[in-house]
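Before any comments, here is the structure.
The values are calculated or read from the model by the stated rules, or taken from the named source; none is laboratory data. Model, not experiment: these values are computed from the prediction. For neighbour counting, all protein chains shown are included, and Cβ atoms are generated from backbone atoms with ideal geometry for every residue, glycine included. Protein only, heavy atoms only, side chains kept; ligands, DNA and RNA dropped before computing areas. Shrake-Rupley method; radii C 1.70, N 1.55, O 1.52, S 1.80 Å.
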Amino acid sequence: MTAILDRQLLFVTGKGGVGKTTTAAALADLAAREGRRVLVCEMDAKGAIAAAFDLPRLQFEPTEVRPGLHAMAMNTEDSLREYLRVMARVPVVGRIGPLAHMFDFVADAAPGVKEILAIGKLCYEVRERHYDLVVVDAEASGHIVAQIDAPRAIRELVQVGPVRDQTEWMLRILADPARTGLVVVTTPEEMPVTETIELVAKVQATTEVDVAGVFVNRMLPEWFEGRDLEVFEGLRGPQAQALLAAALGPKVGVVFDAAALAQSRSGVANGFVERLRDELPKEVPLHVLPELFTKASGRRVVSLVADELQGALG
Ligand SMILES: Nc1ncnc2c1ncn2[C@@H]1O[C@H](COP(=O)(O)OP(=O)(O)O)[C@@H](O)[C@H]1O
Ligand SMILES: [Mg+2]
């Protein structure tokens, strides 16, 4: 099995808000720190990867955000223009204009056409070896299968001709676990964990893309373990509480309730990690990233998560 960062194309998905963008940026950041040439791509043009690197926006043309790390925003029209120029050898000057309108017309009628232009661009970067690794802040879990499976959907639609030929080389890249992997990010909570288990099953059953790993992000620490827990339970007992209240006042109980709540939440989080261990297929690597308890955002958080990733990936 190929280690995550030794692959060439990683799609990062997950339920909204779990840390998908941060994890994608951190995987790219870590790979670049280790000396790889990396491209990180945001697919939805909402500027999340730009924000992760403290930039106002990204273009289709990659920007170098740190040595060896390039970032781009996917754009279907630019991708079509590049496709026409590079693959079909049709030079296009200026805006595509009427062609883009026609394209939109076709794309709306045939599902998968826009997706394949985006996936095609990413696979092209892999095929040409412009980068050692391409990391994609991909669609959220509800739409990721349509995104990564677009070439197969198109191949089934188109039986012969150049379009079919174009899908074959993409499928070879996407179906090769040494080159391509899907990373699923979750938090240790009910809904994201349930969606993760269902998504992994669906990806394995219906696509050829390998699941390279599941990351449990924002894991809470075990506040008290073993002997600490005994001390804590003792302090919560009526005698100790009476003594503490006599010395420190009636608010002592509130502090202990807060500590007990924090402790029970980390127990619940642990339960969800256990559930993932039980219900995910054994061959899917499971990694845990801690809650960072930071007010920082953007590049600073990405860098901290990359440090954690480095430890988690060994
Ligand atoms: N491990 C972590 N610890 C603390 N904050 C985190 C962690 N991972 C992500 N965040 C923060 O959570 C928020 C959502 O993360 P983001 O990557 O944008 O999620 P998504 O792309 O899944 O919607 C961001 O403010 C990010 O800085
Ligand atoms: Mg995001």
Practice prompt. State the dimensionless ratio Rg/Rh of the stretch 158-314 (Rg: radius of gyration of Cα atoms; Rh: Kirkwood radius).
Written response: 1.19
Practice prompt. Rounded to whole Hz and in sequence order, give me ³J(HN,Hα) for the stretch 248-263 from the Karplus expression 6.51 cos²θ - 1.76 cosθ + 1.60, θ = phi - 60°, writing x for Gly and Pro.
Written response: 10, x, x, 7, 3, x, 4, 5, 5, 4, 5, 5, 5, 5, 4, 4
Fill in: Accessible area in the full protein assembly, largest first, 1.4 Å probe, for Asp104, Asp149, Asp6
Asp6, Asp104, Asp149
Worksheet item: In degrees between 0 and 90, to the nearest 10, how far off the longest principal axis of the chain does helix 98-109 point, with axes built from Cα atoms?
Response: 60 degrees
Worksheet item: Over 26 Å between Cα atoms, which of Lys46/Lys295; Lys46/Lys282; Lys251/Lys295; Lys202/Lys282 qualify?
Response: Lys46/Lys282; Lys251/Lys295
Worksheet entry | Whole-Å semi-axes of the stretch 131-234's equivalent ellipsoid (Cα gyration tensor) | 41, 14, 10
Worksheet item: Sorted by accessible area (1.4 Å probe), largest first, how do Phe215, Phe293 line up?
Response: Phe293, Phe215
Item to complete: May I ask you to compute the full-extension gain from Arg66 to Glu283, defined as 0.36 nm times their residue separation minus their alpha-carbon distance, rounded to one decimal in nm?
Response: 74.7 nm
Worksheet, complete the sentence: Percent of all alpha-carbon pairs of the stretch 1-50 at distances over 19 Å, whole number, is 26 percent
Discussion item. Can you give me the solvent accessible area of Glu208 with a 1.4 Å probe, rounded to the nearest 10 Å²?
Written reply: 80 Å²
Discussion item. For a Förster distance of 45 Å, can you work out the FRET efficiency between the beta-carbons of Leu157 and Phe232, rounded to the nearest 0.05?
Written reply: 0.15
Practice prompt. Any chance you could look up the accessible area of Phe272 with a 1.4 Å probe, heavy atoms only, rounded to 10 Å²?
Written response: 30 Å²
Worksheet item: What list of ³J(HN,Hα) couplings, whole Hz, do you get for the stretch 222-234 from phi and the Karplus terms 6.51, -1.76, 1.60, once you set θ to phi - 60° and write x for glycine and proline?
Response: 7, 5, 10, 9, x, 4, 4, 5, 4, 4, 4, 4, x
Fill in: Gaussian network model of the chain, springs between alpha carbon atoms under 10 Å - residue of Gly142, Gly14, Gly181 with greatest fluctuation
Gly142
Discussion item. Output needed for the chain: three equivalent-ellipsoid semi-axes, defined as square roots of 5 times the C-alpha gyration tensor eigenvalues, in descending order, whole Å.
Written reply: 45, 20, 17
Item to complete: Could you tell me the accessible area of Trp223 in Å² (1.4 Å probe, neighbours in place), rounded to the nearest ten?
Response: 120 Å²
Worksheet item: Working out 0.36 nm times the residue gap between Leu248 and Glu168, then minus their Cα-Cα distance, what length gain in nm do you get to one decimal?
Response: 21.5 nm
Worksheet item: If you put +1 on each Lys and Arg Cβ and -1 on each Asp and Glu Cβ, how big is the dipole of the chain around its Cα centre, in Debye rounded to 20?
Response: 660 debye
Item to complete: Express in % the proportion of alpha carbon pairs of the stretch 206-279 at distances exceeding 19 Å.
Response: 53 percent
Practice prompt. Determine the order of Leu243, Leu289 by accessible area, beginning with the largest, at a probe radius of 1.4 Å.
Written response: Leu243, Leu289
Item to complete: Pairs of Cα atoms under 8 Å, at least six residues apart: use those to get the relative contact order of the chain, whole percent.
Response: 25 percent
Discussion item. Using 0.36 nm times the number of residues separating Ala178 and Leu84, minus their current alpha carbon distance, what extension gain do you get?
Written reply: 30.9 nm
